[in-house]
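Single-structure report; data block below.
The values are calculated or read from the model by the stated rules, or taken from the named source; none is laboratory data. Quantities reported herein were computed from a predicted structural model and do not represent experimental measurements. Cβ atoms come from the backbone with ideal geometry, glycine included; neighbour counts cover every protein chain shown. We work out accessible area using only protein heavy atoms, side chains counted, and drop any ligands, DNA or RNA first. Shrake-Rupley method; radii C 1.70, N 1.55, O 1.52, S 1.80 Å.
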Amino acid sequence: MDDVILRMRGIGKEFPGVRALDGVDLRVARGEIHALMGENGAGKSTLMKVLSGVYPHGSYSGEILVDGEPARFSGVRDSERAGIAIIHQELALIPQLSIAENIFLGNERTRGRGVVDWGRTAGEARALLRRVGLDEDPTLPVASLSVGRQQLVEIAKALSKEVRLLILDEPTSALNEAESDNLLELLRELRGQGITAILISHKLGEVTRVADTITVLRDGRCVETLAMADGGVDEDRIIRGMVGRDLDHRYPERVPDIGEVRFEVRDWTVDHPTQVGRRVVDGVGLTVRRGEIVGLAGLMGAGRTEFAMSLFGRSYGRYVSGTVRKDGADLRVRDVGDAIAGGIAYVPEDRKELGLILDDDIRRNLTLAGLRRVSGRGVIDSAREAVAAEEMRGRMRVKSRDVFQATGDLSGGNQQKVVLGKWMFTEPDLLILDEPTRGIDVGAKYEIYLIVQRLAAQGASVLLISSELPELLGMCDRIYAMCEGRITGELPRAQAGQEPLMKLMTRTRA
Ligand SMILES: Nc1ncnc2c1ncn2[C@@H]1O[C@H](COP(=O)(O)OP(=O)(O)OP(=O)(O)O)[C@@H](O)[C@H]1O
Ligand SMILES: [Mg+2]
């Protein structure tokens, strides 16, 4: 057999008004890990949807060769039959169903006449879970698993279809470091078993670590293909391919202009939803000054998101106690409406669930939280709304035709810019950002940092939650660390570093 498992030649794909792919060539060697990189909207996901039959033959131009044979998939089922499986940017598992049911969904293990053979289902599921290193009971609902584990279930599902070419679209963007490492290790192991992988990722570190080959896309075209074995391929080299120039700094320079304490949170406590006596947030106290960017470091499960959501009035019926003061006066936040009225904005980490109405256009998503800014006497002024939305789209550099495009049609990273824009639009006094640059390309990250810094320079207070320590260190004036729901320490920028922070982030109760 040829050593090339996949060739894509001259692939073109158009959406109304957008040329997403323009003559892309891709060559993937058998048994390698091939990374696909490029800025948000470059066409990575679209190319993989073409390959996996999400966009069927006839809806794109160019040709696909699998094992040297022309492949014309009319749907995902077809590509699966050829041993290709795709794990999309947004997980596609059904939370209410069990792990085993998800693995064999649409591919049920039956005992003749369509009757599901539960014994076989559970047995085979267990074997597949072992292959991906998951020691879970296959009858558990998927909803009870962390995102990292759900990701592994997706891979187990792909393995159940005897995958030879596994496509992963930003698999680690929602994972913590340990989970990411675990996943990358699994990819290596699968490579050892002869499974080829195409990995889309914005994380330069992980790509340089596991990839054998890197193909860079820009504006729907293939810019270059780099072989790691050739040497000299480092992060800066990849950035140059992606952005078309060198990027001297990852974080913009800033001279902070910090004023008096604007927000003060005291003894903030959130009870665990089901376990009596357990607290997900436990007596948190912190301050944020005018013009200050404050970081919140912590490992997954430290309680940072729960803290932020409850502060924003989104506690989902959990019992919350504690006080927030703004400019020295008590601020009562019973719900999101109160929070917005109090000048608080929260950019959630899970954008799909909390951030956007995907069917709606970009304009409405951008203005939704600040409609009063474009309304007169309670009536939305459409013209003003469109102008304001267009202005914000420009500021956030959302790559789209115009503001009337459906938000769901945007690339993953561009959807995230819309969420951020939505909350910037409210002109908040306190902007809480929860993992704001997840899935964002390096160039756009810089833009987002600039926007956040500009907001701070105008006097706003910023609370930045991030799992990337370099991001916290590059952006924040002061950093708090959380562990098991509590603040375990606070470091000014000058004293903060990866190591002291890590120590605080892992300081569990004795
Ligand atoms: N269903 C669609 N309808 C219209 N335009 C689309 C659709 N899907 C993608 N596009 C457009 O095609 C271009 C490429 O998008 P794609 O999702 O492939 O980017 P990407 O490289 O995966 O980016 P990201 O890193 O942000 O996920 C973008 O301009 C996007 O807006
Ligand atoms: Mg994408």
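Only sites in a loop by DSSP and with at most 14 other Cβ atoms within 10 Å count here; which trypsin sites (Lys or Arg not before Pro) in the range 307-343 make the cut?
ARG332, ARG334
Under 20 Å Cα-Cα from LYS161, which lysines qualify once same-chain neighbours fewer than 8 residues away are excluded?
LYS49
Looking at the chain, send over the antiparallel percent of its DSSP beta bridges, to the nearest 5.
Values: 50 of 86 bridges.
That works out to approximately 60 percent antiparallel.
Can you give the extra length, in nm with one decimal, that the chain gains between PHE15 and MET300 once fully stretched, where that is 0.36 nm per residue apart less the Cα-Cα distance?
In short, 98.8 nm is gained.
Quick check: pseudo-label points 7 Å beyond the Cα along Cα→Cβ at ARG334 and LEU65, how many nm apart are they?
Between ARG334 and LEU65, the simple spin-label model gives 6.9 nm.
Note down the nm distance, to one decimal, between modelled labels 7 Å out along Cα→Cβ at LEU450 and at ALA92.
Inter-label distance under the simple model: 3.7 nm.
Check the straight Cα-Cα distances from LYS44 and name the aspartates and glutamates below 15 Å, setting aside those fewer than 8 residues away within the same chain.
GLU14, ASP22, ASP25, GLU90, ASP169, GLU170, ASP219, GLU224, ASP409, ASP441
With r defined as the distance between the Cβ atoms of ASN107 and SER321 and R0 fixed at 41 Å, what FRET efficiency is calculated, to the nearest 0.05? Mind dumping the intermediate values first?
Values: r = 48 Å, r/R0 = 1.18.
Result of the calculation: an efficiency of 0.25.
Need the full-extension length gain, ASP257 to ASP181, defined as separation in residues times 0.36 nm minus the C-alpha distance. One decimal, nm.
Fully extending the segment from ASP257 to ASP181 adds 23.5 nm.
Please compute the length gained on full extension between ALA229 and SER144, using 0.36 nm multiplied by the number of residues separating them and subtracting their Cα-Cα distance.
Values: separation 85, 0.36 × 85 = 30.60 nm, distance 4.09 nm.
Computed gain between ALA229 and SER144 is 26.5 nm.
Determine the per residue accessible area of the chain with all protein chains present and a 1.4 angstrom probe, expressed in square angstrom. Please report the intermediate quantities before stating the final value.
Values: 22410 Å² over 510 residues.
On a per-residue basis, 44 Å².
For the range 52-195, what is the relative contact order in percent, using Cα pairs closer than 8 Å and at least 6 residues apart in sequence?
Computed value for the range 52-195: 27 percent relative contact order.
For the chain, which span is the longest to avoid every loop-located (per DSSP) member of chymotrypsin sites (Phe, Trp or Tyr not before Pro) having at most 15 other Cβ atoms inside 10 Å?
With a cap of 15 other Cβ atoms within 10 Å, the longest stretch comes to 1-315.
For the range 72-197, with only Lys/Arg (+1) and Asp/Glu (-1) charged at the beta-carbon, what is the dipole magnitude about the Cα centre, in debye rounded to 20?
720 debye
For ALA29 paired with ASP267, estimate the spin-label separation in nm (one decimal), with each label point 7 Å from Cα along the Cα-to-Cβ line.
6.4 nm
Which of HIS202, GLY75, ILE11 sits farthest toward the positive end of the charge dipole of the chain, with +1 on the Cβ of Lys and Arg and -1 on the Cβ of Asp and Glu?
The residue sitting most towards the positive pole is GLY75.
So what does THR110 come to for accessible area, using a 1.4 Å probe and Å² rounded to 10?
60 Å²
Helix by helix, which DSSP H runs in the chain go 15 Å or more along their axis at the Cα atoms and have an average Kyte-Doolittle hydropathy of -1.0 or more?
Result, helices passing both filters: 118-131, 147-160, 177-192, 382-396, 412-424, 442-457.
Excluding residues on the same chain fewer than 8 positions from LYS445, give the lysines whose Cα lies under 16 Å from its Cα.
LYS203, LYS399, LYS417
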